[in-house]
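Here is the structure we will look at.
Read-outs: derived from the displayed coordinates by stated rules, not from any lab. Because the structure is a prediction, the values reported are computed rather than measured. Because the Cβ atoms are built from the backbone with ideal geometry, glycine has one as well, and the counts that use them run over all protein chains shown.
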Amino acid sequence: MIKLEHITKYYNKNKINQITVCNDVNLSFKDTGLVVILGPSGSGKTTLLNVISGMDSFDEGKITFAGETLEKYSQRKWDKIRKNKIGYVYQNYHLITGISVYKNIEPMFKMQGITDEAVINEKVAKLLKIVNLENYSDRLVRQLSGGEQQRVAFARALANNPDVILADEPTGNLDGKTTIELMNLIKLISKNKLVVLVTHEKALCNYYADRIIKISSGKIVEDKINEQVKNLDYIQEHIITLSDFKKSTTKTDGMVVNRFTDSKIKDELNIDLIERNKTLYVKIDSDSLKRTKYIDSDSEIVILNKPEDRVKRLETFDLYDDVNHSDKNQAFTLKDSFKNALERINIFKKKNIILYLVLFLVGIVISVSIGLIGEIYNVSEPFVEIDSNYITVNMNKSKYDTYNDLYNIAGVDQIMLVNEPFRFKLTNPKYYELRESISVYAQPIDIKYFDEENLIYGSLPNEYDIVIDRSVADVIINENRDKGINSYKDVINCEFKLQTNGSDTYKAIDTALYFKISGIANGNSQSVWMKEELIYSFVTPNLIDYRIMQDGFEIVSGDLPVDWTRIMINENYPSVKLGDIPYNIGITAGNFYISGVYRYSPDGITSYDFGNTMVTELPHIKDKYFNITNFRHSAFELLVYSENVKSTLVNLENAGYEVSANVYEPINARQEKLEENQIFFILGIGGILISAFSILLIMRASLISRMYEVGVYRNIGISRKEIRRIFLSEIIITTTLSSVLGYLLTIVLLTQAESSIQLVSITHYTWLTSILVIVGLYIINITFGLIPINILLIKTPSAIMKLNDM
Ligand code: ADP
Ligand code: MG
């Protein structure tokens, strides 16, 4: 059934101190019987037993185990064999002492596919009965004596109904009487199964063994069938097997006396038995008998009728009916692992409280960094971006007076002199402005370039209506919630206000012009669309195009200006009111000749006081704007609108202009932000590294205290996968309770704080990044947390156990 051929094993292979612990071992074992391997300490007995059970590797030869031949050591194959076919017993019991007897044996049944607790309970009870530990199921192992622990170990070894029990000096730590009891149990087991027992005690060996294999320096030096020597004194002291004695029976009235003796000569034996008051008094008078011992339920002596008596008891058990050797059976299901991990976390939290705190802080750090990084990437806001159809042209002094020459270049549709976002003021019916008004920065574009298909809210513009980009509407909403603006509808109800008297007061009602926002466009630039004459009326102080007054405009005297040196003044201009029309005047925009007087009267009756407002026509106002904004600059920029930016760029370059496109490039914007904010990345990555390192330390600490447990589990054939899963559950729970908790709490706190105290938004979270980060945290923590256990699991089970013995 088990066959070893040329098995050779070295320690410190290929090193100077190489030793051969198994030296060309050839052995085969039958299905039952007690085989004793005998040899001095250090002769390689343990190693041989470990090789037979796959707990240790071998270097040469092959092993055949229940039909399967293994030429190369494979942990996975051996795990299966140990799980299903081997029971292993050690000198040091190798039980998990902190838990109950039941808990120690339970995984064995689970591994055999028996999961019903009631069934397991019943089977454990039966097993414990075999090893004479009835009612010990719920006792803590650590509270048992050595002999009792060893019997639990035997119960566990028997639980998977193994083909073979391997026992490594199982009586080495036990006293004489316990040794005998245990040896009897072993002998009993060997009637049904193969038991390979390692010992260096010759006496035991000679009495019990069916076969004795002697080993010395890793070599088999003798292998023989044992003619049993039964009359060992110290064995007789404790065990009395009646069939070994000569028996004579004496019957008198009311009394039967059986006399058993091991001596040839029967001495005269006088016994006085006195019965008084329900007590028996015994007086013995003999020449040869020196001592008298009484046997009752408390005494050490075991009386057997014949040696086989207890063998029968074992055979009658139906322990193994429902055993099923399937690979799918698990000692610890995922649920078990999580349950155990949850229970454990409380215990070792105290030890690792600092590391837990670190992990929690790490969660916070990561959260903050991710938020900040999110904000870096969150550059959809168009605050510095202008419409992608605009090309920026750098002008210099030599081109100063000839900006209109740009129209000669193919692809230039329109020149826009307003080269950066302008601050527009808005009114809203819900908000009665006193001092501060609502305002927004936006880059104007001629409404003729507005694409109707882009309208996402409101209606198409009429006359001097204005369309604004979605992102502009969003800014208006975000910055003016306190003023009652919460939706696109509220934004649409706002009006652009053109203040005509230069000062912005609540009295503006009849000194300002108002322009409706008709709709919102789907765009991500900072654009507002309006007629060109309206744009320049907004941006040139005190000077507007008369057409924006529409029907309210009326010429009182004189004519419309014919060039940029002339303007019309309002009939409410102070000197005009006094009947004197000045020849020329100076205003912010420059000095002008007066070409006429106008009236603004939208209802046809009231003449609005536009005393500070001069009017002219678009081309003149444009020239004026160009002069006032660019006169003092040696270099300046303007924008060119083009439907075909690419080719126009080339054309402009060829014509000697220095140009750049305003195509919206979030990547560039991000790059800039990134370079400014690299510290957040460092923080984020640092946090992740600290997290990885902390979890590694936590798991290492946890593993060190449980190395023994892992060793035990490996020895009874629990697969590496299952053990990894036990630790995995712990990592997941630890991560959840520390990093992930810190991470989520921080997100919640920061987003709450930013929205409730109206903090400037410095962090930005999206569902996707939040979830990705959490997934990432788990992956990193799992990867790093599993490192210690993965390193440990590379070792053979016996190597893991040796780590514990050190
Ligand atoms: P026994 O069980 O007969 O006392 P072992 O099988 O434990 O003997 O050990 C056999 C020999 O192998 C001993 O000389 C021991 O020192 C050596 N040995 C055991 N384990 C290791 C190891 N991990 N590395 C090096 N030598 C070892
Ligand atoms: Mg040993």
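Points to keep in mind about this one:
- Set of lysines with alpha-carbon distance to residue 80 below 16 Å, sequence-local pairs under 8 removed: 72, 110, 328, 721
- Between residue 219 and residue 17, the simple label model (points 7 Å from Cα in the Cβ direction) yields a spacing of 2.4 nm.
- Across segment 1-128, the fraction of Cα-Cα pairs farther apart than 17 Å, rounded to a whole number, is 66%.
- Those lysines that a straight Cα-Cα span of less than 22 Å connects to residue 516, excepting residues fewer than 8 apart in one chain: 425, 430, 448, 483, 489, 497, 507, 531
- Those lysines that a straight Cα-Cα span of less than 26 Å connects to residue 290, excepting residues fewer than 8 apart in one chain: 177, 230, 246, 247, 251, 264, 266
- Magnitude of the charge dipole for segment 484-585, about its Cα centre and with charges confined to Cβ atoms of Lys, Arg (+1) and Asp, Glu (-1), is about 320 debye.
- The mean sequence separation of alpha-carbon pairs under 8 Å and at least six residues apart, normalised by the residue count of the chain, gives a relative contact order of 15 percent.
- Those GluC sites (Glu not before Pro) in segment 50-89 that DSSP places in a loop and that have at most 12 other beta carbons within 10 Å: 71
- Of the chymotrypsin sites (Phe, Trp or Tyr not before Pro) found in segment 432-484, the ones in coil according to DSSP and having at most 15 other Cβ atoms within 10 Å of their Cβ are 432.
- Amide proton proximity set for residue 216, modelled H, under 5 Å, gap of 5+: 221
- Among 113-123, 213-223, the order from most to least packed when residues are scored by Cβ within 10 Å on average: 213-223, 113-123
- This model, with +1 at the C-beta of Lys and Arg and -1 at the C-beta of Asp and Glu, gives the chain a dipole about its Cα centre of some 6060 debye.
- The amide H of residue 415, built 1.01 Å from its N in the peptide plane, has 641 as neighbours under 5 Å, considering only residues 5 or more places off or on other chains.
- Sequence-separation-based contact order of segment 1-138, relative, with Cα cut under 8 Å and 6+ spacing, percent: 20 percent
- For residue 637, nonlocal amide neighbours, meaning residues 5 or more places apart or on other chains whose placed amide H falls under 5 Å from its own, are 395.
- Packing rank of 333-342, 574-583, where each peptide gets the mean count of other beta carbons within 10 Å, highest leading: 333-342, 574-583
- In this structure, the residue pairs whose Cα-Cα separation is over 26 Å, taken from 9/802; 191/293; 83/202, are 191/293; 83/202.
- Taking θ as phi - 60° and the Karplus parameters 6.51, -1.76 and 1.60, the scalar couplings of segment 771-783 work out to 5, 4, 5, 4, 4, x, 4, 4, 4, 5, 5, 5, 4 Hz in sequence order, x denoting glycine and proline.
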